[in-house]
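Q: The following block contains the structure, expressed as structure tokens.
The values are calculated or read from the model by the stated rules, or taken from the named source; none is laboratory data. Note that the coordinates shown come from a computational prediction; the quantities given were computed from them, not determined experimentally. No Cβ is skipped: glycine too gets one built from the backbone with ideal geometry, and neighbour counts run over all protein chains shown. We work out accessible area using only protein heavy atoms, side chains counted, and drop any ligands, DNA or RNA first. Shrake-Rupley method; radii C 1.70, N 1.55, O 1.52, S 1.80 Å.
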Amino acid sequence: MNIVVCIKHVPDTAHLKYDAQDNLAQDNLEWVMNPFCEYAVETAIRMKEAHEGATLTAICMGGPQAKDILKRAIAMGCDDAVLLQDDAFNGADPWATAQTLAAGIRKHVPNFNVLLLGQFATDSMSGVTGPALAELLGVPSITFCKKAELKDATTLSVERETERGSEHYDMTLPGVVCVMKCDYEPRIPAIKGVMKANRTEIPTLDKAALGLSDEQIGAKGARVEVTKLYRRPKKEGGRKIDGSDAQAAVSQLMSFLREQKLV
Amino acid sequence: MTNAIWVVAELSESGAPLDISLEALSAAQKLAAANPADITAVVLAGSNTDLSQAQNLLGQYGATKVLALKHDLLEQYQVELYTKALADAIGAQQPQIVLAGSTSTTRDFLPRVAVRVQAGLAPDAIDLAFGANGQLEITRPTYGENMRAVVHTATRPQMVSLRAKAFAKAKPDSGASAALETATPDLSADMAHTKLTQRVKGETKTGKKLEEAEIVVSGGRGLKGPENFPLVEGLAEALGAAVGASRAVVDAGWRPHAEQVGQTGKTVSPQLYVALGISGAIQHQVGMSSSKTIIAINKDGDAPIFDIADFGIVGDVFEIVPALTKAIKEANMAAC
Ligand SMILES: Cc1cc2nc3c(=O)[nH]c(=O)nc-3n(C[C@H](O)[C@H](O)[C@H](O)COP(=O)(O)OP(=O)(O)OC[C@H]3O[C@@H](n4cnc5c(N)ncnc54)[C@H](O)[C@@H]3O)c2cc1C
Ligand SMILES: Nc1ncnc2c1ncn2[C@@H]1O[C@H](COP(=O)(O)O)[C@@H](O)[C@H]1O
């Protein structure tokens, strides 16, 4: 049983920094493991623990610093990790990312059974990489998973959340699941895990090792191109009133709601 | 290639198109007004599904044609079968633009369709316009809702899913109608590798879907305990709103995850969002900051929710909310 988890290195969107022109201060960002990937790693570790003899590999396409989150994944409980790194991967969209990850998986873990991803990366907010990767690998995919457990070596039982409630699926493996927030929290690495992570060598594969051409990867391979990136416009003219006199505050709010034609 | 805009329309159990699909159709109408194009609504359905109601409404909202992809195997959503049916139809007819509502279904299968037809897909758009070169310029939130990106794709079709409530629904034209074209996709059962075993209806108490509600009233840890949520529900009921919650109260088990708004919950863009006893952490803002009007009631005047509120009351929810609910009920009565 080979389990693989794809994790992304992203700026911490709760602590973004901006320059004087309100552009992202690229050199000043704090980088973390994408929060949804944390849930994917946790789900993958639980799967591995419940299936004797299973191995768990973490994969990331990113810069040299992305090794930090691969180490974290090992410290949490992954067995090994591989970094797909090449300057030519820069500027990838989810499509070019999926091409690169597919090549990495074919090279490093061709006999994977379960492939887990996060539902969204908090920077791109796209949610495209997982199903796109599944399509490239020719396997089924299920998004918005909040639970995924092995029934047996060839069947994954998955619970996914939709607008209408939840759906339970059986998926014939190999297959891909994209993980949302789960009912459990990602574990914090223990000291023993951190020590193991520090000892583990993380191999790096570049575009040549993956047999990828420039047209498939990075900015050149991207199908969706960003032409402008700007800070969300601030709310103008917000009003804040004192509510110590509840009746008075409510009547002001009611006039506001009437002005806005909301009641 | 024909100059056609396709809108993938999803139907409710009753057979009517989802609001979010009508919003996408309305967005297509706007695009067609700027750059003339035929609008086709595409419906995937079982062989025996009655589409007369859908055909009527889709016509009234601007579709000139309804393309029905009908097959016994499409009765229920299944990722690989839906992917093949839609990708084959796109391949055969080559529309320039494919729009859809951004739902858990389209987010599940449109990325696969895009890979198969070798097109670019921009998910969860909040604005659409034609650029100078006639290419779609698509605005979408990024970086935890803190940034906006304008993106485009040089490949065809240009595929975009649209965030719920970000695009206004046009007025239906009761005189308009759509022609029906039915096609039978080439599918077989062995193409499917996932099987639905059980479906559990959502636990939102009001029965209103958060993503589709025009008004959302959410409660946070400031409510002190699950026993006080009737305050939130009462206000929601008076406003005809859906109930939402912060993650803090979902994690505490006071409310179901189906009601969670935010980065790890749902994204809503209603006309009105009312935040009660919610601090407004950035992860909560991710899910609601694109609401048209935001009202916050919080006893801490420095709570970050006030940074994005159009109208804020610094006060105690236990005093303000009952008075507000009463005032709204009275306003409702006066309007009758
Ligand atoms: C990776 C990640 C993902 C997350 N995803 C989400 C998400 O999807 N959604 C989400 O909501 N959060 C999310 N969070 C959590 C988020 O950071 C906050 O912890 C959470 O939103 C806080 O919920 P709250 O506002 O209800 O509680 P608190 O932050 O505790 O705020 C309670 C507020 O109530 C006010 N209050 C107290 N008593 C009263 C009273 N009597 N009257 C009026 N006001 C009162 C207080 O002043 C305070 O501002 C996420 C966090 C992380 C790290
Ligand atoms: N560069 C990357 N390396 C590894 N995994 C990635 C990368 N980019 C995206 N992913 C995976 O795809 C998921 C969804 O990302 P996205 O499609 O960008 O929203 C993430 O949660 C990751 O699991």
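Q: Applying the selection to region A:13-38, what residues are assigned to a loop (DSSP other than H, G, I, E, B) and surrounded by 17 or more Cβ atoms within 10 Å (Cβ to Cβ)?
A: Scanning region A:13-38 gives A:LEU16, A:LEU29, A:ASN34.
Q: Going by the structure shown, is B:LYS299 open to solvent by 20 Å² or more (accessible area, probe 1.4 Å), more than 16 Å from ligand 2 (Cβ to nearest atom) and modelled with pLDDT of 95 or more?
A: Taking the combined requirement at face value, the residue satisfies it.
Q: Continuing with the same structure: I'd like to verify a number: residues in region B:125-135 that are open to solvent by less than 20 Å² (accessible area, probe 1.4 Å) and either in contact (Cβ under 8 Å) with a residue 60 or more places away in the chain or not in a strand (DSSP E or B) (or both), how many? Before the answer, list the steps.
A: Filtering region B:125-135 down to residues open to solvent by less than 20 Å² (accessible area, probe 1.4 Å) leaves B:125, B:131.
Filter once more, keeping what is either in contact (Cβ under 8 Å) with a residue 60 or more places away in the chain or not in a strand (DSSP E or B) (or both): B:131.
Summing the residues that are open to solvent by less than 20 Å² (accessible area, probe 1.4 Å) and either in contact (Cβ under 8 Å) with a residue 60 or more places away in the chain or not in a strand (DSSP E or B) (or both) in region B:125-135 gives 1.
Q: Next up: Quickly run through region A:184-234 and pick out the residues that are at positive phi and within 20 Å of the chain's Cα centre (by Cα).
A: A:GLY218
Q: Picking from A:VAL5, A:VAL41, which residue would you name as being in a helix (DSSP H, G or I), in contact with a helix residue (DSSP H, G or I) (Cβ under 7 Å, 6 or more places away or on another chain) and either at positive phi or away from chain B (no Cβ under 13 Å) (or both)?
A: Result: A:VAL41 is the single residue among A:VAL5, A:VAL41 that is in a helix (DSSP H, G or I), in contact with a helix residue (DSSP H, G or I) (Cβ under 7 Å, 6 or more places away or on another chain) and either at positive phi or away from chain B (no Cβ under 13 Å) (or both).
Q: Let me ask you something else. Filtering region A:125-144 down to residues that are within 16 Å of ligand 1 (Cβ to nearest atom) and touching a residue at least 12 places away in the same chain (Cβ under 8 Å), which residue is surrounded by the most Cβ atoms within 10 Å (Cβ to Cβ)?
A: Among those residues, the one meeting the criterion is A:GLY127.
Q: Looking at B:ALA41, is it at pLDDT 95 or above and assigned to a helix (DSSP H, G or I)?
A: No; evaluated as a whole, the condition is false for this residue.
Q: Conditions: (1) facing chain B (nearest Cβ under 7 Å); (2) more than 8 Å from ligand 2 (Cβ to nearest atom); (3) small (Gly, Ala, Ser). A:GLY63 meets all but one. Number of the miss?
A: Just one mismatch for A:GLY63, condition (1).
Q: Restricting attention to region B:71-88, report how many residues are in contact (Cβ under 8 Å) with a residue 60 or more places away in the chain, closer than 14 Å to B:ALA119 by Cα and open to solvent by less than 10 Å² (accessible area, probe 1.4 Å).
A: Number satisfying all stated conditions: 1.
Q: For B:GLU259, indicate whether it is touching a residue at least 24 places away in the same chain (Cβ under 8 Å), open to solvent by less than 40 Å² (accessible area, probe 1.4 Å) and under 18 Å from the mean Cα position of the chain (by Cα).
A: For B:GLU259, the condition - touching a residue at least 24 places away in the same chain (Cβ under 8 Å), open to solvent by less than 40 Å² (accessible area, probe 1.4 Å) and under 18 Å from the mean Cα position of the chain (by Cα) - is met.
Q: Tell me which residues, restricted to region A:10-36, are within 15 Å of ligand 1 (Cβ to nearest atom) and away from chain B (no Cβ under 12 Å).
A: A:GLU30, A:TRP31, A:MET33
Q: Another one. Here are the criteria: (1) under 24 Å from B:GLY120 (Cβ atoms); (2) within 14 Å of chain B (Cβ to nearest Cβ); (3) more than 16 Å from ligand 1 (Cβ to nearest atom). Tell me which single one A:ASP86 does not satisfy.
A: Going through (1) under 24 Å from B:GLY120 (Cβ atoms); (2) within 14 Å of chain B (Cβ to nearest Cβ); (3) more than 16 Å from ligand 1 (Cβ to nearest atom) one by one, A:ASP86 breaks only (2).
Q: If you scan region A:66-79, which residues turn out to be outside any helix (DSSP H, G or I), more than 15 Å from ligand 2 (Cβ to nearest atom) and buried (at least 18 other Cβ atoms within 10 Å of the Cβ)?
A: Passing the criteria: only A:GLY77.
Q: If a residue must be open to solvent by 10 Å² or more (accessible area, probe 1.4 Å) and within 17 Å of the chain's Cα centre (by Cα), how many such residues does region B:265-284 contain?
A: So the answer is 4.
Q: Conditions first: (1) over 17 Å from B:ASP173 (Cβ atoms); (2) surrounded by 18 or more Cβ atoms within 10 Å (Cβ to Cβ); (3) of a type in the set (A, V, I, L, M). B:ALA28 passes all but one, so which condition is the exception?
A: Going through the list (1) over 17 Å from B:ASP173 (Cβ atoms); (2) surrounded by 18 or more Cβ atoms within 10 Å (Cβ to Cβ); (3) of a type in the set (A, V, I, L, M), B:ALA28 breaks only (1).
Q: Here's a follow-up. So if I check each of B:VAL200, B:VAL160, B:VAL232, B:VAL249, which one is among the β-branched types (Val, Ile, Thr), under 22 Å from the mean Cα position of the chain (by Cα) and buried (at least 24 other Cβ atoms within 10 Å of the Cβ)?
A: Going through B:VAL200, B:VAL160, B:VAL232, B:VAL249 in turn, just one is among the β-branched types (Val, Ile, Thr), under 22 Å from the mean Cα position of the chain (by Cα) and buried (at least 24 other Cβ atoms within 10 Å of the Cβ): B:VAL160.
Q: Would it be correct to say that B:ALA27 is over 20 Å from B:ASP108 (Cα atoms), in contact (Cβ under 8 Å) with a residue 12 or more places away in the chain, in a helix (DSSP H, G or I) and among the small types (Gly, Ala, Ser)?
A: The answer is yes for B:ALA27.
Q: How do the pairs read when you match residues in region B:316-336 that are more than 8 Å from every other protein chain (Cβ to nearest Cβ) and over 15 Å from A:ASP245 (Cα atoms) with residues anywhere that are open to solvent by less than 60 Å² (accessible area, probe 1.4 Å) and part of a helix (DSSP H, G or I), using Cβ under 6 Å and keeping only pairs 6 or more apart or on different chains?
A: Correct list of pairs: B:THR325/B:GLY234; B:THR325/B:LEU235; B:THR325/B:ALA238; B:LYS329/B:ALA238.
Q: Could we say that B:ALA281 is near ligand 1 (Cβ under 8 Å from one of its atoms), over 30 Å from B:SER21 (Cβ atoms), without any contact (Cβ under 8 Å) to a residue 60 or more places away in the chain and within 9 Å of chain A (Cβ to nearest Cβ) here?
A: Values: near ligand 1 (Cβ under 8 Å from one of its atoms): yes; over 30 Å from B:SER21 (Cβ atoms): yes; without any contact (Cβ under 8 Å) to a residue 60 or more places away in the chain: yes; within 9 Å of chain A (Cβ to nearest Cβ): yes.
Judged against the criteria, B:ALA281 is a match.
Q: Limited to region A:119-131, what total is found for residues that are in contact with a Lys or Arg (Cβ under 7 Å, 6 or more places away or on another chain) and not in a loop (DSSP other than H, G, I, E, B)?
A: 1
Q: Then there is this: List the strands (runs of 3 or more DSSP E) inside region A:163-263, counting only whole elements, that have at least 1 residues being buried (at least 20 other Cβ atoms within 10 Å of the Cβ).
A: Hits in region A:163-263: A:165-172, A:175-179, A:224-231.
Q: Run down B:ALA275, B:ALA309 and say which single residue is at the interface with chain A (Cβ under 8 Å from one of its Cβ atoms) and either in contact (Cβ under 8 Å) with a residue 12 or more places away in the chain or more than 8 Å from ligand 1 (Cβ to nearest atom) (or both).
A: B:ALA309
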